[in-house]
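The values are calculated or read from the model by the stated rules, or taken from the named source; none is laboratory data. Everything quoted here is computed from the prediction, not taken from an experiment. Counting neighbours? That spans all protein chains shown, and the Cβs are built from the backbone with ideal geometry, glycine included. Accessible surface is based on the protein model in full, side chains and every heavy atom, while ligands, DNA and RNA are left aside. Shrake-Rupley method; radii C 1.70, N 1.55, O 1.52, S 1.80 Å.
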Amino acid sequence: MADAELSLSPSDRLMGLVGHLSEQDGFEGVIRELKMGHAGTFDGVWGSSCALLAAALANRCWRTLVVVCPAADLADDLLDDFSLFSKLTPERLPALEGVSGDRLLLDEVFGERIRLLKRLGGSAPPEVVVTSIAALLQPVPSRRSLAMQTRAIRAGDRIGVEDLTRWLVENEFHRTSAVELPGEFAVRGGLLDIFAPDWQDPVRVEFFGDQVESLRRFEVASQRSLAKLDRVDLTMLSPTTRHDGHLADHLPDDSWFLLVEPEEMQEAGRHYAGRVERPEELHSLPSVLEQVLRFPSATASAIAASSLEATCRLKIESVERFSGDIGKVREELDAVGFEQEVFLVCPTEAETRRLADVFGSTRLASAGRLHFALGELREGFRLVSANILLLSSGELFRRSEIRRPVRRRLGKAIDSFVELREGDLVVHVAHGIARYRGMKLLEKGERVEEHLVLEFQESTKLYVPASKIGLVQKYVGGAKSRPRLARLGSRLWVRQRSTVESAVVDLAADMIQLQALRAARPGIAFPPDTEWQREFDASFPYQETEDQLATIDAVKEDMIRRRPMDRLLCGDVGFGKTEIAMRAAFKAVEAGYQVAILVPTTVLAEQHYRTFSARMAEFPFEIAVLSRFATRKQQARTIEQLTLGNIDIVIGTHRLAQPDVCFHNLGLVIIDEEQRFGVDVKERLKALRQIVDVLTMTATPIPRTLHMSLLGIRDISNLETPPRDRLAIETRVTRSIPKFSGTRSSASWAARARCFSSTIG
């Protein structure tokens, strides 16, 4: 390589690969055909080189390049890969999920589609748009309907606040006290907050009388202003409305299309159209291809079919698979990268530093031919003409990362467990269970004091001064049924309290005995974080939330302290409990102790086994699973290896808590969803708490466990903040009508339908 090129950083050198691609035989010929309005074919496009090709075409396209992939996940991969080879910012046209009748105004995918269409029709359209064939088959609003449903608001305009709010309500906006989601608005005096579906952030409109004084974009979580605006375009289009437009109708003239694996793309389009509930709402595949071919278009394939179009056969090769074993990967890397410049793409700075240490002894590194770049790469490839090999760190260790492509807005978290809302059940210390009905100002002599309004049986109300709020607690109950409200003046509450107090005394005695045993026996004092621990923590491919960081620090402090840890970790699904558990397990294993992870189901055991194995693949830890998926012989061998100390981490179901399971040097027990285990298992766990560190994870803690933690008997950490880009879980319950063979009368069908309805009802 030239000295000037060698002086560049690895990331800048990857940007320069576009120039190498342009030097390939036949490349300029295809470009000439595209500029003349014709078509072309690119052959030999392997792995992530498709993103490199898209970057090269985007540099030569006069307006917008539209890249169409066979599937949505491939489109997302190409978006990530593209940033390695170009400084252009590509946009995404996502495919809508579900049927049109089920969509809501706050559908972020619909909002993202509208935002892209408005950009395409603006003065600065995006240079690159990446999409899938499914997204193209779905109709978009036409230019006319988009213009008719868009209302401009400018600073200085005279608009009645009531008229604007009425228009928002008529267009299905939801009025709320504070906007958090798309499709909401809030009015507070002369301020109007609006969150349109196609906006990334809400806008605050400040009025002076009937005049718009200012427009400011602000952040949901902090309510802080982000930027001052002169104008906003408020587009109101319902996701449930049927549209008939096509993306091609919105594209600027002289735009190009790049079709990735055209045969696979057409097959994916036919498959998608065949499995949707209402295929008549989609464009047909031939009509979509007809719209695409109105523009100059090129196809990209690993092995292209013969064509009469101008063809460029790129000198690109695929890369061999790696074993994933850190001991063998060094030799494999030297062999694969022989006499080539190797670029290893890592998702985080921490992984870049760690792999630089791991592969620092290779022949490639010694010769100065191993380079580390920061970014995402789905699949490596070899650029033969330039003697350059690109690899991703995930390929080396056969590790794939979870994708979260949709940006989620962060709302305000609940501040505490005892926050009261109107309608909540509460407990008055002296009178029993009541319903909270809000706050009310009452006059007392010459002063006014705020009171809590509590409703008891027969709609009797009790007013509790705010200064005595300590008499009222939020109701926490374990029963599924709703409790009856107490009756003021009744002796029933006194008797119930007496019964509960005696039960609490027994429970308290057990807990005091357990705590006394824990205090009398010194626990394990794990060492502070080592270099390995810091590398493992830093290799986490996502950004930790503040709650996660605080909990990680608390767990490590518990483990370093010389007393057995007993911490409850509460958090919703996807909030990062498993990552905290893995860091605690890493600390224990590195200190020479074994870790037992107890889970309620075999499926969860297998899931944790794969997660732990992938996350710790680069470290010499032995991980095993013990569940009914294993044969008796396999279980016996696992138990034997546990006893000998040859297994560092074991993940298992109830089988792990059986008396025949013995450990060589157990230091940490992690329990996932403790409330789903039986009494016998809990008794064994109770004994374990006396001698080893215990971390309990749950999304739904049982009331007793939660109450013990709130009272300080057990330590508790609560994950309230969702990770960025966390996807919401969507559950649908639909009725399935059985199919009957033969011919039957309408009365017979009606009888069967009634029978089936009663069965599922």
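Considering only residues that are under 35 Å from the mean Cα position of the chain (by Cα), assigned to a helix (DSSP H, G or I) and of a type outside the set (D, E, K, R), which ones fall in the stretch 643-661? Give the steps one after another, and end with the answer.
Of the stretch 643-661, the ones under 35 Å from the mean Cα position of the chain (by Cα) are 647-657.
Going one step further and asking which of them are assigned to a helix (DSSP H, G or I), we end up with 654-657.
Result: 654, 656, 657.
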Qualifying residues in the stretch 443-466 (those that are under 14 Å from residue 431 (Cβ atoms) and either open to solvent by 70 Å² or more (accessible area, probe 1.4 Å) or at pLDDT below 80 (or both)) - the one farthest from the chain's Cα centre (by Cα):
458
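Of the residues 684, 689, only one is closer than 23 Å to residue 586 by Cβ, modelled with pLDDT under 85 and within 36 Å of the chain's Cα centre (by Cα); which?
When all the criteria are applied, what remains is 689.
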I need the full set of residues from the stretch 301-357 which are hydroxyl-bearing (Ser, Thr, Tyr) and modelled with pLDDT of 80 or more, in order please.
301, 311, 318, 352
Can you tell me which residue among 81, 73 is touching a residue at least 12 places away in the same chain (Cβ under 8 Å), crowded, with 17+ Cβ neighbours inside 10 Å and assigned to a helix (DSSP H, G or I)?
81
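Just need a number here: residues in the stretch 185-214 that are under 22 Å from residue 117 (Cβ atoms) and either in contact with a Pro (Cβ under 9 Å, 6 or more places away or on another chain) or crowded, with 20+ Cβ neighbours inside 10 Å (or both). It would help to see each step written out before you state the result.
Here is the first cut: in the stretch 185-214, the ones under 22 Å from residue 117 (Cβ atoms) are 194-203.
From what is left, the residues that are either in contact with a Pro (Cβ under 9 Å, 6 or more places away or on another chain) or crowded, with 20+ Cβ neighbours inside 10 Å (or both) are 194-199, 202-203.
So the answer is 8.
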Among residues belonging to the stretch 295-308 that are surrounded by 15 or more Cβ atoms within 10 Å (Cβ to Cβ) and in a loop (DSSP other than H, G, I, E, B), point out the one that is nearest to the chain's Cα centre (by Cα).
302
Suppose we keep only residues that are exposed (fewer than 15 other Cβ atoms within 10 Å of the Cβ) and among the hydroxyl-bearing types (Ser, Thr, Tyr) within the stretch 316-375. Which one would you say is farthest from residue 541 (Cα to Cα)?
366
Looking at (1) open to solvent by less than 20 Å² (accessible area, probe 1.4 Å); (2) of a type outside the set (D, E, K, R); (3) under 26 Å from residue 109 (Cα atoms); (4) assigned to a strand (DSSP E or B), which is the one condition that is false for residue 227?
(1)
What number of residues within the stretch 21-39 are open to solvent by less than 60 Å² (accessible area, probe 1.4 Å), assigned to a helix (DSSP H, G or I) and out of contact with any Asp or Glu (no Cβ under 9 Å at 6 or more places or on another chain)?
5
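Filter the stretch 108-128 down to the residues that are part of a loop (DSSP other than H, G, I, E, B) and at pLDDT 90 or above, then identify the one that is farthest from residue 198 (Cα to Cα). If you could, list the steps in order and put the result at the bottom.
If we filter the stretch 108-128 for residues that are part of a loop (DSSP other than H, G, I, E, B), which is where we start, we get 121-127.
Okay, now just the ones that are also at pLDDT 90 or above, so 125-127.
Working: 125: 16, 126: 16, 127: 20 Å.
That would be 127.
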Could you list, in sequence order, all residues of the stretch 262-283 that are without any contact (Cβ under 8 Å) to a residue 60 or more places away in the chain and open to solvent by 40 Å² or more (accessible area, probe 1.4 Å)?
263, 270, 271, 274, 275, 279, 280
Of the residues 253, 249, 233, only one is of a type outside the set (A, V, I, L, M), in a helix (DSSP H, G or I), within 22 Å of residue 125 (Cα to Cα) and open to solvent by 20 Å² or more (accessible area, probe 1.4 Å); which?
249
Give all pairs with beta carbons closer than 6 Å in which a residue from the stretch 375-394 that is closer than 16 Å to residue 45 by Cβ and assigned to a loop (DSSP other than H, G, I, E, B) meets a residue that is of a type in the set (Val, Ile, Thr) and open to solvent by 20 Å² or more (accessible area, probe 1.4 Å); count only pairs at least 6 apart in sequence or on separate chains.
380/319
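For the stretch 156-169, name all the residues that are in a loop (DSSP other than H, G, I, E, B) and surrounded by fewer than 17 Cβ atoms within 10 Å (Cβ to Cβ).
Initially, the stretch 156-169 is screened for residues in a loop (DSSP other than H, G, I, E, B), giving 156-157, 159-160.
Within the stretch 156-169, 156, 157, 160 qualify.
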Residue identified as more than 30 Å from residue 109 (Cβ to Cβ), open to solvent by 40 Å² or more (accessible area, probe 1.4 Å), modelled with pLDDT under 80 and not small (Gly, Ala, Ser) among 469, 414
469
Pairs, first open to solvent by less than 10 Å² (accessible area, probe 1.4 Å) in the stretch 645-670, second among the charged types (D, E, K, R) and in a helix (DSSP H, G or I), C-beta under 8 Å, six or more apart:
661/655
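Take the conditions within 30 Å of residue 349 (Cα to Cα), touching a Gly at 6+ places or on another chain (Cβ under 9 Å), modelled with pLDDT of 80 or more and surrounded by 12 or more Cβ atoms within 10 Å (Cβ to Cβ) and apply them to residue 389. Does it pass?
Details: within 30 Å of residue 349 (Cα to Cα): yes; touching a Gly at 6+ places or on another chain (Cβ under 9 Å): yes; modelled with pLDDT of 80 or more: yes; surrounded by 12 or more Cβ atoms within 10 Å (Cβ to Cβ): yes.
Judged against the criteria, residue 389 is a match.
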Take the residues in the stretch 566-596 that are modelled with pLDDT of 85 or more and aromatic (Phe, Trp, Tyr), then tell me which one is nearest to residue 717 (Cα to Cα).
586
Mind counting the residues in the stretch 50-70 that are in a helix (DSSP H, G or I), over 27 Å from the mean Cα position of the chain (by Cα) and buried (at least 19 other Cβ atoms within 10 Å of the Cβ)?
7
